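*Asks:* For reference, the structure I am asking about is given below.
The values are calculated or read from the model by the stated rules, or taken from the named source; none is laboratory data. Keep in mind it's a predicted model, so treat the numbers as computed, not measured. Positions of Cβ are backbone-derived with ideal geometry, glycine not excepted, and every protein chain shown enters the neighbour counts.
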């Protein structure tokens, strides 16, 4: 799942600050832009894992277009952090399911468009609905 992020530009004396508008209380930082992205991904994974472990719902990502228009983020940098929700659980379990061929083909198409696997797509659908 790709979550939009807003990055407050750093200076010589301050780090890049990262905010996740869709994940309340989730934030990160880094001394370089690359470090900010790496730390942001880790922060998002920890935040989402805590939600999952607590039985809480997972927020859907909002449109980055909404962020760009938000005056609170004027002159900030925007990007995405991609988190595979299926990888956040502590243990994967293999299952065997039966689906009509038409449904399976549709599942594969949607997973491919989302840039993920069947399993990750199904897990994301379950956790976000």
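*Asks:* Quick one: residue 54 ticks every box in (1) closer than 27 Å to residue 111 by Cα; (2) in contact (Cβ under 8 Å) with a residue 40 or more places away in the chain; (3) over 14 Å from the mean Cα position of the chain (by Cα); (4) loosely packed, with under 11 Cβ neighbours inside 10 Å bar one, so which box is it?
*Replies:* The single condition residue 54 does not satisfy is (2).
*Asks:* Additional query: Which residue out of 83, 68 is under 19 Å from residue 122 (Cβ atoms) and either modelled with pLDDT under 95 or more than 18 Å from the chain's Cα centre (by Cα) (or both)?
*Replies:* Working: 68 fails: under 19 Å from residue 122 (Cβ atoms).
Among 83, 68, only 83 is under 19 Å from residue 122 (Cβ atoms) and either modelled with pLDDT under 95 or more than 18 Å from the chain's Cα centre (by Cα) (or both).
*Asks:* Still on this structure, I have one more. Looking at 107, 23, can you tell me which residue is free of Cβ contacts under 8 Å to residues at least 40 places away in the same chain, surrounded by fewer than 17 Cβ atoms within 10 Å (Cβ to Cβ) and either under 20 Å from residue 126 (Cβ atoms) or assigned by TED's automatic domain parsing to the domain that holds residue 126 (or both)?
*Replies:* Of the residues listed, the single one that is free of Cβ contacts under 8 Å to residues at least 40 places away in the same chain, surrounded by fewer than 17 Cβ atoms within 10 Å (Cβ to Cβ) and either under 20 Å from residue 126 (Cβ atoms) or assigned by TED's automatic domain parsing to the domain that holds residue 126 (or both) is 107.
*Asks:* Criterion first (within 13 Å of the chain's Cα centre (by Cα) and assigned to a helix (DSSP H, G or I)) does residue 35 satisfy it? Don't jump to the end; show me each part of the working.
*Replies:* Numbers: within 13 Å of the chain's Cα centre (by Cα): no; assigned to a helix (DSSP H, G or I): yes.
Taking the combined requirement at face value, the residue does not satisfy it.
*Asks:* Now for a different question. Looking only at segment 58-65, decide whether some residue is in a helix (DSSP H, G or I), within 21 Å of residue 6 (Cβ to Cβ) and in contact (Cβ under 8 Å) with a residue 60 or more places away in the chain. So that I can check it myself, show each step before the final result.
*Replies:* Just the residues of segment 58-65 that are in a helix (DSSP H, G or I), to begin with: 64-65.
This time we only want the ones that are within 21 Å of residue 6 (Cβ to Cβ), so: 64-65.
Of the ones still in play, those that are also in contact (Cβ under 8 Å) with a residue 60 or more places away in the chain are 64.
Yes - at least one qualifying residue is present in segment 58-65.
*Asks:* Do the conditions hold for residue 40, that is, is it in a strand (DSSP E or B) and in contact (Cβ under 8 Å) with a residue 12 or more places away in the chain? Spell out how you get there, then give the answer.
*Replies:* On the way: in a strand (DSSP E or B): no; in contact (Cβ under 8 Å) with a residue 12 or more places away in the chain: yes.
Criteria not met by residue 40.
*Asks:* Taking residue 85 as meeting all but one of (1) crowded, with 17+ Cβ neighbours inside 10 Å; (2) under 16 Å from residue 18 (Cβ atoms), write down the number of the exception.
*Replies:* Exception for residue 85: condition (2).
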